[in-house]
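Structure first, commentary second.
The values are calculated or read from the model by the stated rules, or taken from the named source; none is laboratory data. Just so we're clear, the structure is a prediction, and the values are computed from it rather than from any experiment. With ideal geometry, Cβ positions are generated from the backbone for all residues, glycine too; neighbour counts draw on all protein chains shown.
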Amino acid sequence: MEQRVAACTSCHGARGEGSPDGVLAPRLAGKPAGYLLQQLEYFQSGQRRHAPMEYVVRQLSQPYLRQIAEYFAAQDLSYHRWPQPAVSAEVLRRGEQLVLHGDPARAVPSCVSCHGDKLTGFEPMMPGLVGLSSDYISNQLVSWRTHTRAAEGPYCMGVVANRMREPDIAAVAAWLASHEPPADMHPQPATAQTTPLPGWCVMGHSEVNP
Amino acid sequence: MKWLRRGAGLLVVLLLIGAAAWWYLARDRSMPSTPVQRGAEAAALVDPARIEQGRYLATVGDCAACHTARGGQPYAGGRSLATPFGDVPAPNITPDRDTGIGQWSFDDFWAALHLGKGRHGQLLYPVFSYTSFTKVTRDDALSIFAYLKSLPPVNQPAQPTGLEFPYNVRSSLVAWRALYFKPGVYQPDPAQSPQWNRGAYLVQGLGHCNECHAPRDSLGGIEQSQHLTGGQIPQLDWYAPDLSTRTGGGLEGWSAQDVVDLLKTGQSSKGSAFGPMADVVRLSTQHMTDADLQAVATYLQSLPPRAPVASAFQQASSHEQGGKLYAKQCADCHGDNGQGVAGVYPPLDGNTSVTGPTSVNAIRSVLLGGFAPATAANPRPYSMPPFAQQLDDEDVAAVVSYIRQSWSNKAGAVNPAEVSRSRHTPVD
């Protein structure tokens, strides 16, 4: 498989550890396989936009994409520590507040309520928020606001990102990138996801995006 | 304001030949079905074997490729097709009563496929490949219609066309059609074998290979004499090569087996499919029966030799630099002598995608990288890294010139400005 996916690893790193700057191409290694597959399908259908990614997955079948997703999910590599972005202590405090407690006044749920108290995500679909660079995180939050990264059915992150204030994006991105990750960074098993997702973030739930 | 000048030119052409065109078109009324035929057609529409045959023929015609939006419902339309004159959206052809072909009779469908006319007699834009589909027999058209009628109806209204005056006036097509469109079902050549005739019918008709593999003039038309001689695909900026396998042909040296391999698996001993051809293989030709693929190959093998293009071969001054880049970046996969690895990496020596009359395919392959199409016969293709970020325009020009001028390859060199232009072409 390693030889077959030479195109992917030329951007995402030899084993999917992410490009050295963490911005050009995000880490794939160790992310939940279901999540990776879903993103690859979004690039195919144009729901997530990035021209080189869209071109590279265009000719591939769903079963092959699944094998590729499983291959990268199974890569067990230590995470890279990103340099702490130069932001004030006040901004970091605001970031921590949002990640751990959310912003009840604007109905922004905490990030941990969905991504897990360890922020390492859950199998098979919920990605972790550890080991990502601050630029990558803020780019993603901006793309949900501009609809260049969407999701089918429940539009969880679209709702979250659109409720946030613009400066809060940089704050959460900075705090997450500089946060000391837990010793075990693997996604938690699905059974560990005890806090139910809010209704508007559950497939097939009737509650409309507020 | 280039389009304005071109538009004015077209209007003049329109006035000059308008009258002749009306006369010409008045002749080609479609023959509506008689009541007896209509009864037989109604029975055919619900015959499962007929529907299955129609599914196969619609796949050969690659109807879904245009009539499906990305990530959308099959055949429900919505995809916009770019032409030099503006965008034309493909309509919904599921049997929805309000937004699809739910209320169409077979005569309506026949008029669209065979005469390029909509349900209300309006002229259709030739980006819908009816210039080829007109060769399809009435019986095959009936099978396709039966299949489309069996699909789940999807309610998806038509989108407006993005054409500028005068192209947005459908009657302006009268002149164009008089010049470039000759309606008529394929007439078998009795001097040729049934297999050859089947191949010619598929290539010229449903397969609509000519729509990409022939040059277009400034009005977007194809000269009959230029049949399958290769052409730049408008708007997509890919070059579809000449399909003759004889001396001077774009596929010179290809055996019938090579043609079958490429269309069935996406790769062959001579090169692999990429860009729009990878779409064609993945969605259409890989699903063709072996007998039909053999027929296509037999027909292509009979295309005449082409006159050699006289060109003074001049080696690029960057040859040495290109050679170093090749050894470092490419030789691991494509081999020191451009020989490739059978079934894994295409050869570059003698590869028509490398040596083509324009270098756009080779440049864009290097910039974009990517996978050969995943097909039933090659479900896990290998890939090539994109070099757009790693190599600058000069490096790409040097390495592409090198592969165009090494081993047995004797094609023209590439300059960095051509590379720069290709970087900005959208990929979809």
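Here are a few things to note about the model shown:
- Annotation for region A:5-13: no member residue is more than 14 Å from chain B (Cβ to nearest Cβ), touching an Asp or Glu at 6+ places or on another chain (Cβ under 9 Å) and at pLDDT 95 or above.
- The one condition in (1) closer than 30 Å to B:Thr285 by Cα; (2) surrounded by fewer than 22 Cβ atoms within 10 Å (Cβ to Cβ); (3) away from every other protein chain (no Cβ under 14 Å) that B:Trp407 fails to fulfil: (1)
- Within region B:377-395, tally of residues that are under 17 Å from B:Cys333 (Cβ atoms) and either of a type outside the set (D, E, K, R) or away from every other protein chain (no Cβ under 14 Å) (or both): 10
- Given (1) of a type in the set (A, V, I, L, M, F, W, C); (2) under 18 Å from the mean Cα position of the chain (by Cα); (3) not in a helix (DSSP H, G or I), index of the condition A:Leu100 fails: (3)
- The single residue among A:Gln59, A:Gln38, A:Gln67 that is at the interface with chain B (Cβ under 8 Å from one of its Cβ atoms) and more than 20 Å from B:Met277 (Cα to Cα) turns out to be A:Gln67.
- Per-region count, region B:290-323, residues among the polar types (S, T, N, Q), in contact (Cβ under 8 Å) with a residue 60 or more places away in the chain and surrounded by fewer than 16 Cβ atoms within 10 Å (Cβ to Cβ): 4
- Output for region A:144-161, where each listed residue is at pLDDT 90 or above and either assigned to a loop (DSSP other than H, G, I, E, B) or touching a Lys or Arg at 6+ places or on another chain (Cβ under 6 Å) (or both): A:Ala161
- Restricted to helices (runs of 4 or more DSSP H) entirely inside region B:22-127, those with at least 2 residues that are at pLDDT 95 or above are B:48-60, B:63-67, B:106-115.
- Any pair with Cβ under 9 angstrom, 6 or more apart, that starts in region B:107-127 at a residue that is at positive phi and ends at one that is in a helix (DSSP H, G or I): B:Gly116/B:Tyr130; B:Gly116/B:Thr131; B:Gly116/B:Phe133; B:Gly116/B:Leu173; B:Gly116/B:Arg177; B:Gly121/B:Ala111
- Filter pass, A:Met53 being surrounded by fewer than 21 Cβ atoms within 10 Å (Cβ to Cβ), touching a residue at least 12 places away in the same chain (Cβ under 8 Å), within 11 Å of chain B (Cβ to nearest Cβ) and in contact with a Phe, Trp or Tyr (Cβ under 9 Å, 6 or more places away or on another chain): no
- Filtered residues of region A:19-35 (kept if closer than 18 Å to A:Gly121 by Cα and either out of contact with any strand residue (DSSP E or B) (no Cβ under 8 Å at 6 or more places or on another chain) or within 14 Å of chain B (Cβ to nearest Cβ) (or both)): A:Pro26, A:Arg27, A:Leu28, A:Ala29, A:Gly30, A:Lys31, A:Ala33, A:Gly34
- Test set (1) farther than 25 Å from A:Pro20 by Cβ; (2) at pLDDT below 95 - A:His186 fails condition number: (1)
- Residue check, A:Leu92 crowded, with 17+ Cβ neighbours inside 10 Å and within 14 Å of chain B (Cβ to nearest Cβ): no
- Total residues in region B:133-150, condition among the polar types (S, T, N, Q), surrounded by fewer than 21 Cβ atoms within 10 Å (Cβ to Cβ) and either assigned to a helix (DSSP H, G or I) or within 13 Å of the chain's Cα centre (by Cα) (or both): 1
- Among residues of region A:16-44, those that are touching a Phe, Trp or Tyr at 6+ places or on another chain (Cβ under 8 Å) and surrounded by fewer than 18 Cβ atoms within 10 Å (Cβ to Cβ), counted: 1
- Flag for A:Ser110 being surrounded by fewer than 16 Cβ atoms within 10 Å (Cβ to Cβ) and either modelled with pLDDT of 95 or more or assigned to a loop (DSSP other than H, G, I, E, B) (or both): no
- Only one of the listed residues (B:Thr425, B:Thr375) is buried (at least 16 other Cβ atoms within 10 Å of the Cβ), of a type in the set (Val, Ile, Thr) and part of a loop (DSSP other than H, G, I, E, B). That residue is B:Thr375.
- Odd one out for B:Ala388, checked against (1) over 28 Å from B:Ala214 (Cα atoms); (2) free of Cβ contacts under 8 Å to residues at least 60 places away in the same chain; (3) assigned to a helix (DSSP H, G or I): (3)
- Top-ranked residue in region B:352-372 [being within 12 Å of chain A (Cβ to nearest Cβ) and not in a helix (DSSP H, G or I); ranked as surrounded by the fewest Cβ atoms within 10 Å (Cβ to Cβ)]: B:Gly369
- Matching option when the condition is assigned by TED's automatic domain parsing to the domain that holds B:Gly61 and within 26 Å of B:Ser33 (Cα to Cα), among B:Ala158, B:Ala175, B:Ala146: B:Ala146
- Any hit, region B:299-307, residues being more than 14 Å from every other protein chain (Cβ to nearest Cβ), touching an Asp or Glu at 6+ places or on another chain (Cβ under 8 Å) and either of a type outside the set (D, E, K, R) or not in a loop (DSSP other than H, G, I, E, B) (or both): no
- For region B:81-114, the candidate set comprises residues that are crowded, with 20+ Cβ neighbours inside 10 Å and of a type in the set (A, V, I, L, M); within that set, the residue that is nearest to B:Asn210 (Cα to Cα) is B:Leu113.
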